[in-house]
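What follows is a single structure, written as structure tokens, with notes after it.
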Amino acid sequence: MNVRPDFSKNANHAETAPAYLSVWDMHAYYGESYIIQGISFNVHEGEILALLGRNGAGKTTTLRAIARLDDPQMNHGEVWLDHQPLHTMKSHEAATVGLGLVPEDRRIIPGLTVEENLQLAQIAPPIGWSLERLYDLFPRLGERRKQEGVTLSGGEQQMLSIARALARDIKVLLLDEPYEGLAPVIVDEIEKTLRLIKEQGMTTILVEQNAVRALQLADRAIILDTGSIVFDGSAAEVLENEELRAEYLAI
């Protein structure tokens, strides 16, 4: 049995509770570009973590490295999820042990209905997220279950992308810019859903340019600057610290 080392104390986060997801000394590259430069942090079970920073800070690269995608290349460091060493796995293996990445472009499969998109992702038999439960969480998807997924509005496609990740009975939800291009009323709806799944124990890492909205939703925040962590603490602290927001988030 694999045993996750205790990364609960590091330079960036001094929590003493056991970590659920641990990133330790991660270095990641795109080709010759050195993007992530030795970051370490923890995420606790049931927590929403906002991963913030200016454009180019390394936020999406961090998500993709955690998900074990081929780009970026993570050539040093460790990632552990619930005692499983993700850093030894390929992306499809990481997905089977509980990682669900919702990319910025959503990647709805053309030619398939809403329900077919969900069924294709769903494990059989579903353990936690049946179609009925997903439709309860996303009523709009239930109403449009027979509609082709790519014909949905942008907000509905984002809901479908999140529902599709949940359909695999994941442990950690990785969201890359989920509010991009969406009207505030749709963002409100998605945030309400994220709070509901948090209440049911879901652990979430959220990358979002709308930093204020992300901070209002999150428990904790990590701020990246040129591939390094410059802040790891409560989301409330960032909201209250005008100097920190101005320097690293331009808000």
FRET efficiency, 1/(1 + (r/R0)^6) with R0 22 Å, evaluated for residue 83 and residue 124 via beta carbons
0.30
Could you compute the net charge surrounding residue 180? Neighbours are other residues with a C-beta less than 10 Å from the C-beta of residue 180; K and R count +1, D and E count -1.
-4
Per the 1/(1 + (r/R0)^6) rule, R0 = 35 Å and r from the Cβ atoms of residue 75 and residue 97, FRET efficiency to 0.05 is 0.95
What helices does the chain have that are whole DSSP H segments, at least 15 Å long along their own axis by Cα, and with mean Kyte-Doolittle hydropathy of 0.0 or more?
154-166, 184-199
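Each reported figure results from applying straightforward, stated rules to the coordinates on display, with no laboratory input. None of the values given here were measured: they were computed from a predicted structure. Using ideal geometry, Cβ is built from the backbone for each residue, glycine included, and neighbour counts are taken over all protein chains shown.
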